[in-house]
Amino acid sequence: MENCIFCKIARGEIPAKIVKETDELVAFNDLSPQAPHHVLIIPKQHISTLAEINENNYELMGKIVLTASEIAKELNLEGYRIVANCNEIAGQSVFHIHFHLLGGRQMHWPPG
Ligand code: 5GP
Ligand code: ZN
């Protein structure tokens, strides 16, 4: 999508610290980290929210979770949290699906 910031990162038009990349996915460090390790994992394909996942694209979500667990292993994280905010009321601010991988500090529950 032309003006989507994460599409631009996926196309290499905006710089980001890329952690991992495949034909379908890109993982990069969050600009405003909320933990010592904060990686965003996105599909290269523009999908705005999790509400748009359907039988044609759901496999991408499994690949994202697999990629997150691979990155967590590479970072030697003892534990980690994966978060995906769907729509503004849940805290989504960039409307291109992304999973946050957070680790490197004690986490608390429930989230705000
Ligand atoms: P959301 O609030 O939509 O769940 O998460 C969006 C995330 O994208 C935020 O954690 C924010 O810091 C991050 N972010 C927004 N713009 C950029 C950017 O241009 N580059 C990078 N690396 N992260 C971004
Ligand atoms: Zn996009």
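Every number here is computed from the coordinates shown, using simple stated rules; none is lab data. Predicted, not measured: the structure shown is a model, and the values here were computed from it. Heads up, the Cβs are rebuilt from the backbone with ideal geometry, glycines too, and the neighbour counts pull from every protein chain shown.
Among the residues of the stretch 6-23, those that are within 14 Å of ligand 2 (Cβ to nearest atom) and exposed (fewer than 15 other Cβ atoms within 10 Å of the Cβ) comprise 11, 12, 13, 14.
Listed here are the residues, each with its yes/no results for (1) touching a strand residue (DSSP E or B) at 6+ places or on another chain (Cβ under 6 Å); (2) within 22 Å of residue 76 (Cβ to Cβ); (3) away from ligand 1 (no atom under 13 Å from the Cβ); (4) among the aromatic types (Phe, Trp, Tyr).
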{"site": "8", "(1), (2), (3), (4)": "no, no, no, no"}
{"site": "27", "(1), (2), (3), (4)": "yes, yes, no, no"}
{"site": "30", "(1), (2), (3), (4)": "yes, yes, no, no"}
{"site": "33", "(1), (2), (3), (4)": "no, yes, no, no"}
{"site": "39", "(1), (2), (3), (4)": "yes, yes, no, no"}
{"site": "42", "(1), (2), (3), (4)": "yes, no, no, no"}
{"site": "45", "(1), (2), (3), (4)": "no, no, yes, no"}
{"site": "48", "(1), (2), (3), (4)": "no, no, no, no"}
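For the stretch 10-25, a residue qualifies if it is part of a loop (DSSP other than H, G, I, E, B), of a type outside the set (Gly, Ala, Ser) and touching a strand residue (DSSP E or B) at 6+ places or on another chain (Cβ under 8 Å), and the qualifying residues are 17, 24.
In the stretch 53-112, the qualifying residues are those that are acidic (Asp, Glu) and part of a loop (DSSP other than H, G, I, E, B), and the one that is surrounded by the most Cβ atoms within 10 Å (Cβ to Cβ) is 78.
Away from ligand 2 (no atom under 13 Å from the Cβ) and not aliphatic (A, V, I, L, M), is that true of residue 36? Considered against the rule, which asks whether it is away from ligand 2 (no atom under 13 Å from the Cβ) and not aliphatic (A, V, I, L, M), residue 36 comes out as yes.
Each residue in the stretch 1-54 was checked for being out of contact with any Phe, Trp or Tyr (no Cβ under 7 Å at 6 or more places or on another chain) and either among the aromatic types (Phe, Trp, Tyr) or more than 17 Å from residue 69 (Cβ to Cβ) (or both), and 32 of them qualify.
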